[in-house]
1. Going 7 Å from the Cα of Arg220 along its beta-carbon direction, which residues of the range 237-264 have the amide nitrogen within less than 15 Å of the resulting point?
2. For the Cα atoms of the chain, what angle does the longest principal axis make with the long axis of helix 275-290, in degrees from 0 to 90, nearest 10?
3. Rounded to the nearest 20 Debye, what is the dipole magnitude of the chain about its Cα centre when Lys and Arg each give +1 and Asp and Glu each give -1 at the C-beta?
4. Please build a GNM for the chain, connecting alpha carbons under 10 Å apart, and tell me which residue among Leu413, Leu158, Leu57 fluctuates the most.
5. At a Förster radius of 30 Å, what calculated FRET efficiency corresponds to the Cβ-Cβ distance of Ser360 and Tyr129, to the nearest 0.05?
6. Report the full-extension gain for the segment Val115 to Leu57: residue separation times 0.36 nm, less the Cα-Cα distance, to one decimal in nm.
7. Roughly what would the spin-label model give for Glu67 and Cys157, points 7 Å off Cα along C-beta, in nm?
8. Projecting each Cα onto the charge dipole of the range 1-158 (Lys/Arg +1, Asp/Glu -1 at the beta carbon, about the Cα centre), which of Phe64, Met116, Leu99 comes out farthest on the positive side?
Amino acid sequence: MEFPYMEAVVGFMILMYLFETYLDLRQHAALKLPTLPKTLEGVISQEKFEKSRAYSLDKSHFHFVHEFVTILIDSAILFFGILPWFWKKSGTFLPLVGLNEENEILHTLSFLAGVMIWSQITDLPFSLYSTFVIEARHGFNKQTIWLFFRDLIKGICLAIVLGPPIVSAIIVIVQNGGPYLAIYLWAFMFVLSLVMMTIYPVLIAPLFNKFTPLPEGELRLKIEKLASSLKFPLKKLFVVDGSTRSSHSNAYMYGFFKNKRIVLYDTLIQQCKNDEEIVAVIAHELGHWKLNHTMYSFIAVQILTFLQFGGYTLVRNSTDLFRSFGFDTQPVLIGLIIFQHTVIPLQHLVSFGLNLVSRSFEFQADAFAKKLGYGSALRAGLVKLQEENLSAMNTDPWYSAYHYSHPPLVERLAAIDAADKKEE
């Protein structure tokens with residue numbers, strides 16, 4: 001008797017949905033609390049708290065609906081054999097346009113084209129509602145419907161240009177990899193990640209946003225001085241026009257070796273009137289670099305990727321596994337999809353572990369910025385970001401521990417204050 005892999009996967013998906021819904025309900029109850037946490041009393045204005053509460057509750061209600069529809073569709077696709085049916089149908093389409101349906105690469109691309117169309121149809125109503133109802137209601141959405149669809153079309157075009165060669169390469173590697181398949185797949189994805197990290201800021205990101213050099217002035221001088229003091233190889237300092245789409249704010253850095261760049265959202269500059277607050281946020285980001293957090297994270301991702309491919313090589317020839325999901329053949333892409341579903345339990349555990357590590361890194365980066373003398377400015381900057389982004393003020397500890405890669409503001413401020421008391 002064959003093991004019911006598909007039924008086990010669907011069952012676990014539903015169990016995880018129920019567990020995560022329980023956590024969502026706990027968080028929803030926390031969001032409904034009518035008062036600020038004691039740590040934030042006198043720090044966050046009541047007006048901002050009420051706005052944050054309303055925004056968070058709107059997003060929470062939307063999340064419940066979205067997750068319910070998602071688990072319903074995903075479970076139905078697996079349980080009712082829609083996945084193998086769709087795979088066969090995508091193959092029968094090829095002869096109609098004069099292509100060979102026996103060619104696995106062409107069959108896979110046809111299948112992915114159908115999946116992309118289906119995902120756009122099912123995701124579009126949620127994206128539109130999130131952007132033009134929830135985000136607009138709370139003053140965040142700045143993009144027009146034309147800009148929304150222009151970005152959507154650009155994303156689809158990028159997928160059409162970049163997807164086929166990548167998918168084709170993976171299929172060829174799997175078909176010819178032999179006993180060293182896991183190594184070859186990992187090496188390909190490693191090189192691909194380096195290439196994408198190189199071309200994304202230069203060729204892809206500018207398709208969606210405008211990047212301009214930060215104007216000469218006091219803010220630029222302070223950031224350059226900070227980078228120089230830490231021997232950070234800052235080559236370019238940009239401002240991105242995030243305000244054309246949203247009033248949410250952020251800052252980030254990227255680049256390899258001696259070619260680092262820092263990007264500030266124009267909304268961050270507009271919201272933080274005090275330059276020291278922006279510099280403190282940058283000091284936090286540079287802390288990640290100085291403490292090698294970025295390198296550790298990259299290495300962890302590479303190890304996990306290799307282990308994933310190693311696991312895939314062990315099950316890719318399991319006819320029982322494919323038959324359980326309704327397939328009488330063993331296509332490469334379908335094998336990868338099935339494998340991803342079968343390791344969902346491990347993925348959740350790994351994600352939880354990575355979140356714990358990430359939260360630890362955030363505390364360390366805060367402490368690093370504080371040691372540079374930006375403690376009070378960082379505190380003010382974190383509060384400003386929390387206020388302007390209307391982030392949740394009350395968080396359930398179980399929910400945040402499971403979902404958040406960054407500690408809640410209350411915990412970060414408490415850590416900064418605790419360090420101040422130790423110094424006293």
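The values are calculated or read from the model by the stated rules, or taken from the named source; none is laboratory data. In this text, all values refer to a predicted model and were calculated from it rather than measured experimentally. All Cβ positions, glycine included, derive from the backbone under ideal geometry; neighbour counts span all protein chains shown. Note: accessible area is taken over every heavy atom of the protein model, side chains too, but ligands, DNA and RNA are not part of it. Shrake-Rupley method; radii C 1.70, N 1.55, O 1.52, S 1.80 Å.
1. Taking a point 7 Å out along Cα→Cβ of Arg220, the residues of the range 237-264 whose backbone N falls under 15 Å are 237-240, 262-264.
2. With both axes taken from Cα atoms, the answer is about 50 degrees.
3. Values: 36 positive and 37 negative charges, 217 e Å.
Rounded to the nearest 20 debye, it is 1040 debye.
4. Most flexible of the set in this elastic network: Leu158.
5. Working: r = 36 Å, r/R0 = 1.19.
Computed FRET efficiency for Ser360 and Tyr129: 0.25.
6. Values: separation 58, 0.36 × 58 = 20.88 nm, distance 3.19 nm.
Stretched out fully, the Val115 to Leu57 stretch lengthens by 17.7 nm.
7. Going from the Glu67 label point to the Cys157 one covers 3.7 nm.
8. Phe64
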